[in-house]
Amino acid sequence: MGTDREFRMADGAELVGRQDESFEMLVSIPLDDSGFVGRQCPDCSLVFRMDAEHYKALPDDLTLWCVYCGHHTEHSEFITEQQRDRVMRAAGDFAMQTVSQELAKAFGGMSRDTRGSSFSLSYKSRPFCPRPLPEIDEEQLVRVRTCAGCQNDYAVFGEHRYCPVCGQLPAASIAFDALQADTARLNALETLPSDTKALLREQGVFTRNWVDTVENVVGVVEALASSLFRSAVPNADSLLNGKGAIFQRLDHMTDLIVAAGFADLRTNLGTQTWQRLLETWAARHVFTHNDGIVDEKYLTRVPGSSTRIGQRLVLTDTTCRRALDDAKALCECLIDVLR
C-alpha cells in the first residue's frame, strides 16, 4: 500500500493509500474557533458539538448518543450535512479523474486511416483542477457543558437529556438545566426593545410566559423527586402503588419521603420558603385546571391571598423568579435528603 500520486486533490483531501482497485482517502473536517466539531443525529437531524480533542481520545468503536432524542448508534453515522458535502466534493473530484483516466486508456489506440475511407476516434484528456472543498459554517457554541460522569465537553442548541458519550444524564442535571432555561427565557423577554415588549405584552406573551414558568417549575420538581425517590428507596414501587401523581403534591410527597425514613423537607427549607412553594403549586393547579380562576381549594392552600373566588390569578415576573429560586432550593434539598 502506498500513496497514489496520479490524482490531484484539493487542499484538505489526500489519497493516503491504494490496494489494487481500492483507495483510501482522508478528508479534513475544520473545527470551530473553540476546537469543537459538529455532530448531527441521523434520526432527528438536530446538531450538537463536541470537543475535538476529547472526541479523538475516545475508542475507535465508539457509539454516540443524540443529546436531544437519545438515538444511539455508531459515531460515524453522526456526520453533519456540511461535513458530508465536503467529503462528497472530494470523492466526486477523485471519481472524475478515474473516469478521465479510463477514457484515455480506452481510446488511446483507436485513431487510424483505412486508405479509401478513414475512421478516426480519439480522446484527449485535459489537466484536472480540483474544486476547493466547501467550508464548514455550522452554528457556533454558546456555552460548554461538561458531563459529570465522563468529563467530556459538548455543546447543545436546545433542551437535551443525554450526554453524547455516556447517555442518560442524571436527573439533577436535567432539573437544574430546565430551571436555568426558564430563567433565561424571562431574561430574554426583558432585554427586548421597548416597542417590541409593549406589543408582546399587549398580546399576552408575557402573561403566558409567566404561567408556563410556574407550570414548568412543578414539572421539574416532580420529575426530579420521582427519580431520586425510586433510586434511593428499594421498595419504591410498592410504596407508590395507588398514590397517583404524588410528586405533584408537596405535602403528600414530603410525607412519603419521611415515611421512607428520610428527613422532612419542610424542616430543612424553613417555613417561609415552604409556604411560598405551596403558593406556587396552588397557582399551577388553578392555571392548569381552571384557567387561573381562583377557587375555594386555592384559598384553602393560600389563606393569606387577597383574591376572591371567581377572580383570575395574576402572576408577575417577580413572583416567577422567586418561584424559580425556591424550586432550585427544593431541588437541592431533595438531592441532599435522598442521596
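The values are calculated or read from the model by the stated rules, or taken from the named source; none is laboratory data. It should be emphasised that the depicted structure is a prediction, and the values quoted were computed from it without experimental measurement. Here Cβ is always computed from backbone atoms with ideal geometry, including for glycine, and neighbour counts include all displayed protein chains. Remember, those area values only see protein heavy atoms, side chains included, never the ligands or the DNA or RNA. Shrake-Rupley method; radii C 1.70, N 1.55, O 1.52, S 1.80 Å.
All conditions but one from (1) over 16 Å from Ala225 (Cα atoms); (2) free of Cβ contacts under 8 Å to residues at least 40 places away in the same chain apply to Asp264; the one that does not is (1).
The residue that is nearest to Phe78 (Cα to Cα), counting only those in segment 129-164 that are open to solvent by less than 30 Å² (accessible area, probe 1.4 Å) and part of a loop (DSSP other than H, G, I, E, B), is Pro164.
Among the residues of segment 29-38, the one identified as more than 11 Å from Glu138 (Cα to Cα) and acidic (Asp, Glu) is Asp33.
Test Gln151 against the stated conditions and say whether it is polar (S, T, N, Q) and at pLDDT 90 or above.
Values: polar (S, T, N, Q): yes; at pLDDT 90 or above: yes.
So Gln151 fits the description; yes.
Within the bounds of segment 270-279, is there any residue that is in contact (Cβ under 8 Å) with a residue 60 or more places away in the chain and acidic (Asp, Glu)?
No - not one qualifying residue is present in segment 270-279.
Any residue at all in segment 261-280 that is in contact with a Ser or Thr (Cβ under 6 Å, 6 or more places away or on another chain), open to solvent by less than 20 Å² (accessible area, probe 1.4 Å) and either more than 21 Å from Val302 (Cβ to Cβ) or at pLDDT 95 or above (or both)? Within segment 261-280, one or more residues are in contact with a Ser or Thr (Cβ under 6 Å, 6 or more places away or on another chain), open to solvent by less than 20 Å² (accessible area, probe 1.4 Å) and either more than 21 Å from Val302 (Cβ to Cβ) or at pLDDT 95 or above (or both).
If we keep just the residues of segment 39-88 that are touching a helix residue (DSSP H, G or I) at 6+ places or on another chain (Cβ under 7 Å) and of a type outside the set (Ser, Thr, Tyr), which is nearest to Arg143 (Cα to Cα)?
My answer is Arg39.
Taken over segment 233-255, the residue count meeting the criterion of being closer than 19 Å to Asn216 by Cα, touching a Phe, Trp or Tyr at 6+ places or on another chain (Cβ under 8 Å) and in a helix (DSSP H, G or I) is 4.
The set of residues from segment 287-300 being open to solvent by less than 100 Å² (accessible area, probe 1.4 Å) and either of a type outside the set (Val, Ile, Thr) or touching a residue at least 40 places away in the same chain (Cβ under 8 Å) (or both) comprises Phe287, Thr288, Asn290, Asp291, Gly292, Asp295, Tyr298, Leu299. Screening the candidates Arg322, Arg284 for the property of being at pLDDT 95 or above and either surrounded by 19 or more Cβ atoms within 10 Å (Cβ to Cβ) or on the phi > 0 side of the Ramachandran plot (or both) yields one hit, Arg284. Residues in segment 145-199 that are among the acidic types (Asp, Glu) and more than 15 Å from Asp51 (Cα to Cα): Glu159, Asp177, Asp182, Glu190, Asp195.
Looking across segment 165-192 at every residue that is within 26 Å of Leu313 (Cα to Cα) and charged (D, E, K, R), the one that is surrounded by the most Cβ atoms within 10 Å (Cβ to Cβ) is identified as Asp182.
Hey, any hits in segment 204-223 for a residue that's in contact (Cβ under 8 Å) with a residue 40 or more places away in the chain, open to solvent by 30 Å² or more (accessible area, probe 1.4 Å) and of a type in the set (Phe, Trp, Tyr)? Checked segment 204-223: at least one residue is in contact (Cβ under 8 Å) with a residue 40 or more places away in the chain, open to solvent by 30 Å² or more (accessible area, probe 1.4 Å) and of a type in the set (Phe, Trp, Tyr). Could you please let me know if Asp195 is crowded, with 16+ Cβ neighbours inside 10 Å and part of a helix (DSSP H, G or I)? When the stated conditions are applied, Asp195 does not pass them. Of the helices (runs of 4 or more DSSP H) that lie entirely inside segment 256-339, those containing 1 or more residues that are of a type in the set (D, E, K, R) and under 21 Å from Val233 (Cβ atoms) span 265-269, 317-337.
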